[in-house]
Amino acid sequence: MDWKKRAKIKLRLLLGEIEFLTSQIEELEKEIEKLVEETEVGEYIKSVPGIGTIITAIMLGEIGDINRFRSWKEIRKLAGLNLYEISSGEHTGKTQITRRGRPLLRKIIYLMAQTTLKHNPEMKIKYKQLRKREKNSLKVTQALIAIGLKMIRIIFKLAKSKTKYNAEKVYV
């Protein structure tokens with residue numbers, strides 16, 4: 001058998017494998033969609049522009065029952081996004097996030113901020129304000145974390161009050 005025939009056979013096998021894996025992914029996404037719809041807060045989280053089924057599922061998987069939290073700050077702490085500063089005497093250190101929390105939750109909050117900026121004009125305005133303000137303008141990553149925390153506040157409020165996202169009620 002020459003190399004061209006072997007290459008064609010390998011290509012067909014690879015294409016068949018890709019089709020199989022694609023169908024598996026589609027089935028998993030449908031199952032995830034069904035599970036998110038079964039939760040009582042999934043529909044409220046998904047009502048925010050830029051937040052889809054996968055982000056909602058990962059958030060709910062990491063957070064668990066959102067009603068067990070009294071404040072959005074507890075979710076921030078769970079993610080390890082609360083701030084700390086190392087200071088000694090007259091020395092004042094940099095303010096940083098603790099990173100003592102769930103790394104996947106931190107990552108999904110960051111990704112949620114990125115996708116929200118593409119689909120949510122209110123958050124895009126807020127992001128530009130954070131980046132361009134005269135005093136203490138934020139770097140790209142800092143501004144994205146700030147937007148992610150803003151989204152956590154919004155999601156927490158929507159889930160607790162059992163309401164869907166309304167752009168007019170978002171304070172930018």
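Nothing in this text is a laboratory measurement; each read-out follows from the coordinates by a stated rule. Remember, it's a predicted structure, so these values are computed and weren't measured experimentally. Reconstructed Cβ throughout: ideal geometry from the backbone, glycine too, with neighbour counts over all protein chains shown.
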The answer for the net charge of residues other than I9 whose Cβ lies under 14 angstrom from its Cβ, with Lys and Arg +1 and Asp and Glu -1, is +4
Let me check I've understood the local charge: for I63, count other residues with C-beta under 10 angstrom from its C-beta, Lys and Arg +1, Asp and Glu -1. What total comes out? -1
Given a 10 angstrom Cα cut-off, can you work out which residue in L60, L111, L15 is the most mobile in a GNM of the chain? L15
Helix-only mean residue ellipticity at 222 nm, the chain, DSSP H runs n ≥ 4 weighted -39,500 (n - 2.57), per residue, nearest 500. What is it? -21500 deg cm²/dmol
Distance from the Cα centre of segment 25-65 to that of segment 111-172, in angstrom? 20 Å
Select one label from [x] 1.14; [y] 0.98; [z] 0.95: the one whose number is Rg/Rh (Cα atoms, Kirkwood Rh) as derived from the coordinates shown. [x]
Can you compute the charge dipole magnitude of the chain about its Cα centre, using +1 on each Lys and Arg Cβ and -1 on each Asp and Glu Cβ, nothing else charged? Give it in debye, rounded to the nearest 20. 840 debye
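Quick one, could you list the DSSP H helices from the chain stretching 18 Å or more along their long axis (Cα atoms) with average Kyte-Doolittle hydropathy of 1.0 or above?
Span-like helices in the chain: 140-161.
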Each label point is 7 Å from the Cα along the Cα-to-Cβ direction; what then is the distance between the points at E19 and S47, in nm? 4.2 nm
Per-residue Cβ neighbour rank within 10 angstrom, fewest leading, H91, H119: H91, H119
Ignoring GluC sites (Glu not before Pro) buried by more than 16 other Cβ within 10 Å or outside DSSP loops, the longest site-free run in the chain is 41-89
